[in-house]
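Below is one structure, written out as structure tokens, with a few remarks after it.
Just so it is clear, none of the values below were taken in a lab; they were calculated from the coordinates. Just so it is clear, the model here is predicted, and its values are computed rather than measured. All Cβ positions, even for glycine, are placed from backbone atoms using ideal geometry, and neighbour counts span all protein chains on display.
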Amino acid sequence: MDTKKMRTMSKFLSLVLRHKPETIDIQLDKQGWIAVETLLEKVNQQNQDWQLDFALLEYIVVNNDKKRFAFNADKTKIRASQGHSLGLDLDLEYEPQMPPAILYHGTGESNVASILAKGIEKRERQYVHLSRDIDTAVVVAHRRQKPTLLQIEAGKMHSEGYIFYLSENKVWLTLYVPPQYIALYSVDESV
Ligand code: HQG
């Protein structure tokens, strides 16, 4: 499969399954699911450039670099596993989990002073996104100018009552990270 075409399709699926389902006139249910049949029909109505069938959708779900999308057990429904817009007001129904002692957050240098003063806010998304491994946080940080890594004392937060969820594609989610649990992380320390 042409990787450029797959990226285009994956980005479009992220748009409609995470942020703007109305783009193709669909409504996600409370847990973020949409019937596969409806999704295929509406995507294909909307797009002249490319068409999506079940085999291709399954290929994207399986091969997506971050496993962003998931089917339900009988593959009749699909949803994004994380990253949703706050405005959609979903409940993904992930069970609270005990996080590892340390999690990482990638951001841009221009955000750091504000984050150290106010904490990490979920902004336009449903949750703050954190990762267990440094490499993932580095990739997230590189979406910003002057990528910067932050280290979060997630274990301590959890023991002090903060709730964490683990998305199906292994992104750690929480509503807010207060400044006292955050430290700048220098990548040099990892080598
Ligand atoms: C920043 C992608 C200043 C925060 C990624 C981030 C992730 C603050 C930005 C997922 C702040 C929000 C989410 C504060 C937070 N002051 N800046 N107090 N609090 N911020 O895109 O974490 O590739 O909503 O640091 O991989 O960058 O799309 O969040 O820079 O998992 O699948 O405000 O999206 O996944 O930006 O990314 P975002 P994010 P995909």
Which residues does the label zone of ARG132 cover in the range 86-110, counting backbone N under 18 Å from a point 7 Å along Cα→Cβ? 94-106
Relative contact order of the chain, defined on C-alpha pairs under 8 angstrom at six or more residues apart (%): 21 percent
Approximate spin-label separation TYR59-GLN45, in nm, with each point projected 7 Å along Cα-to-Cβ: 2.5 nm
Just grab the label-to-label distance for LEU116 and VAL139, each label 7 Å out from Cα along the Cβ direction, in nm (one decimal). 2.8 nm
Would you please classify the overall shape of the chain from the alpha carbon gyration tensor, given that a ≥ b ≥ c denote the square roots of the eigenvalues, rounded means a/c under 1.5, and beyond that prolate means a/b larger than b/c while oblate covers the rest? prolate
Summed residue charge, Cβ within 10 Å of ALA80's Cβ, Lys/Arg positive, Asp/Glu negative: +2
Quick one: PHE54, PHE12, fewest Cβ neighbours within 10 Å first, how do they rank? PHE54, PHE12
Place a point 7 Å from the Cα of SER159 in the direction of its beta carbon; the residues of the range 130-146 whose amide N falls under 20 Å from it are 132
Taking every other residue with Cβ under 15 Å from the Cβ of TRP172 and scoring Lys and Arg +1, Asp and Glu -1, one gets +2
Among ILE78, ILE102, which comes first, second and so on when ranked by fewest other beta-carbon atoms within 10 Å? ILE102, ILE78
What is the pair-distance distribution P(r) of the range 3-81, computed from all Cα-Cα distances in 10 Å bins starting at 0, with each bin given as a whole percent? 19, 61, 20, 0
As a test of the formula, what do you get for the chain when each DSSP H run with n ≥ 4 contributes -39,500 (n - 2.57) and the sum is divided by the residue count, at 222 nm and rounded to the nearest 500 deg cm²/dmol? -8500 deg cm²/dmol
Can you list the GluC sites (Glu not before Pro) in the range 88-122 that are in a DSSP coil and have 15 or fewer other beta carbons within 10 angstrom? GLU93
How big is D for the range 96-190, in µm² s⁻¹ as a whole number, if Stokes-Einstein is applied with the Kirkwood radius of its Cα pairs at 20 °C and 1.002 mPa s? 163 µm²/s
